[in-house]
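Right, one structure below, let's go through it.
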Amino acid sequence: MRVVEVRERAVPIASQIANAYIDFGKMTASVVAIETDLVRDGSPLTGYGFNSNGRYAQSGLLRERFIPRLLEAEPEELLEAGGENFDPHRVWAVLMRNEKPGGHGERSVAVGALDMAVWDLVAKIAAKPLHRLLAERFGDGEPAATVSVYAAGGYYHPGKDEAGLVEELEGYLGLGYTTVKMKVGGVPLTDDLRRIEAALGILDGDGSRLAVDANGRFDLPTAVEFGAAIEPYGLRWYEEAGDPLDYQLNARLAESYPLCLATGENLFSMQDARNLVRFGGVRPGLDVLQMDPALSYGLTEYLRTLAAIEAEGFDRRSLVPHGGHQFGLAIAAGLGLGGNESYPGVFQPFGGFADGIAVKDGEVGLPEVPGIGFEAKADLFAVMEAV
Ligand code: MG
């Protein structure tokens, strides 16, 4: 059993949306395909991956370093004992050969795309859906039948007023979501409060059904002021108030804001995530951790992150991955996490879940197909197959 060919292509996932920090008009992603010498149904067995959203395609790193390392490895270096399947941990070690520790940058995004394809392959060779394989290897044996998902949207858009925001969020409720998230921090506080109140107007005034996301925009005084202003609403969570690497800011904010804070989507390694829970004032049982396995060296590293966080006293239900993709959903179901993000209609075709499985009461099921389930999402699989 060996890897025959690895291909990468940069594809657009541009959207005419903006958060408090960036607009997504030129966003791209890498799609990778790892082809093996195994044959299933007359075709070479192939694993697919991509690098979530928000960090652009990683074509240079993939083509210059990581794909050549994978192709130069001896076939048996990539396999589990007995040679029955690929071993993602051994593949990961090959990919990271001659990489110094620390300073993770965006190589974690490149490795994450390949690691996703490796796990897709491993589950396909085992002839199981990834969520089932993960529950058997690392969970309690049986995956969750459904995963709690929330609709992330509420972006800023030129000319979009409160009526436009409400219309968008009502659309998510109509799709079966019960909890929604909206962007904040891109306009003055009084304007954001008016947007939040408009959103609460269609949620029966129930703050536990609304999260807000500042995308790292605030300094500490602004973050504290914003927190004090929204505290009376009792929101589901207050996300990425300040710079994702400013652990002291998060810790100080947690001293003044008594409700749930969420962060972690821009931490790309086990060591960074562990520093957050050690030094960022994150409160077990209250706060939410959003590391995205696809952006942060893949599921192989995410398993180490999970172990590190549990060792610091956190329950895995505190983890709700960023990204709104099928990989995160399979991991959440298989490992028993607290939920998964979802971007209805945005970041297509990478965002969203299997065709024909609707969200119901804020929960979504998973397809029983081998691998991550890309073959059950026609628009995404068409892009992958072309690669
Ligand atoms: Mg966010």
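Just wondering, is there one or more residues in the stretch 80-95 that are in a strand (DSSP E or B) and more than 17 Å from V3 (Cα to Cα)? So far as the stretch 80-95 goes, no, none of its residues is in a strand (DSSP E or B) and more than 17 Å from V3 (Cα to Cα).
When the stretch 176-196 is limited to residues that are assigned to a loop (DSSP other than H, G, I, E, B) and open to solvent by 20 Å² or more (accessible area, probe 1.4 Å), the one that is nearest to G207 (Cα to Cα) turns out to be T179.
Within the stretch 323-369, restricting attention to residues that are of a type in the set (S, T, N, Q) and open to solvent by less than 20 Å² (accessible area, probe 1.4 Å), the residue that is farthest from K124 (Cα to Cα) is S342. Please work out if G54 is within 16 Å of the ligand (Cβ to nearest atom), open to solvent by 20 Å² or more (accessible area, probe 1.4 Å) and closer than 27 Å to M270 by Cα. Against the criterion (within 16 Å of the ligand (Cβ to nearest atom), open to solvent by 20 Å² or more (accessible area, probe 1.4 Å) and closer than 27 Å to M270 by Cα), G54 qualifies. Return a yes/no flag: does the stretch 212-233 have any residue that is without any contact (Cβ under 8 Å) to a residue 60 or more places away in the chain, over 15 Å from L189 (Cα atoms), within 16 Å of the ligand (Cβ to nearest atom) and not acidic (D, E). So far as the stretch 212-233 goes, no, none of its residues is without any contact (Cβ under 8 Å) to a residue 60 or more places away in the chain, over 15 Å from L189 (Cα atoms), within 16 Å of the ligand (Cβ to nearest atom) and not acidic (D, E).
Taking the criterion of being in a loop (DSSP other than H, G, I, E, B), at pLDDT 90 or above and either in contact with a Lys or Arg (Cβ under 9 Å, 6 or more places away or on another chain) or closer than 24 Å to R217 by Cβ (or both), the only residue of the stretch 28-53 that qualifies is N51.
All conditions in (1) modelled with pLDDT under 90; (2) over 18 Å from the mean Cα position of the chain (by Cα) hold for V3, with the sole exception of (1). For the stretch 94-139, the set of residues classified as closer than 19 Å to G49 by Cβ and among the polar types (S, T, N, Q) consists of S108 only. Could you tell me whether the stretch 142-151 includes any residue that is in contact with a Pro (Cβ under 7 Å, 6 or more places away or on another chain) and surrounded by 23 or more Cβ atoms within 10 Å (Cβ to Cβ)? Yes, some residue in the stretch 142-151 is in contact with a Pro (Cβ under 7 Å, 6 or more places away or on another chain) and surrounded by 23 or more Cβ atoms within 10 Å (Cβ to Cβ). Just one of the numbered conditions (1) open to solvent by less than 10 Å² (accessible area, probe 1.4 Å); (2) in a helix (DSSP H, G or I); (3) of a type in the set (A, V, I, L, M, F, W, C); (4) away from the ligand (no atom under 16 Å from the Cβ) is not true of L203: (2).
Inside the stretch 202-216, residues that are more than 25 Å from the chain's Cα centre (by Cα) and of a type in the set (A, V, I, L, M, F, W, C) make up a count of 2. Exactly one residue out of V288, V277 is on the phi < 0 side of the Ramachandran plot and within 16 Å of the ligand (Cβ to nearest atom): that is V288. Selection over the stretch 137-180 of residues that are closer than 30 Å to H89 by Cβ and within 16 Å of the ligand (Cβ to nearest atom) gives a count of 1.
Close contacts from the stretch 24-42, counting a first residue that is closer than 14 Å to F347 by Cα and a second that is open to solvent by 30 Å² or more (accessible area, probe 1.4 Å) and part of a strand (DSSP E or B), with Cβ to Cβ under 6 Å and a gap of 6+ residues or different chains, come to T28/A10; T28/P12; S30/A10; V31/R9.
The values are calculated or read from the model by the stated rules, or taken from the named source; none is laboratory data. All values reported here derive from a predicted model rather than from experimental measurement. Positions of Cβ are backbone-derived with ideal geometry, glycine not excepted, and every protein chain shown enters the neighbour counts. Heads up: the accessible areas ignore ligands, DNA and RNA and are worked out on the full protein's heavy atoms, side chains in. Shrake-Rupley method; radii C 1.70, N 1.55, O 1.52, S 1.80 Å.
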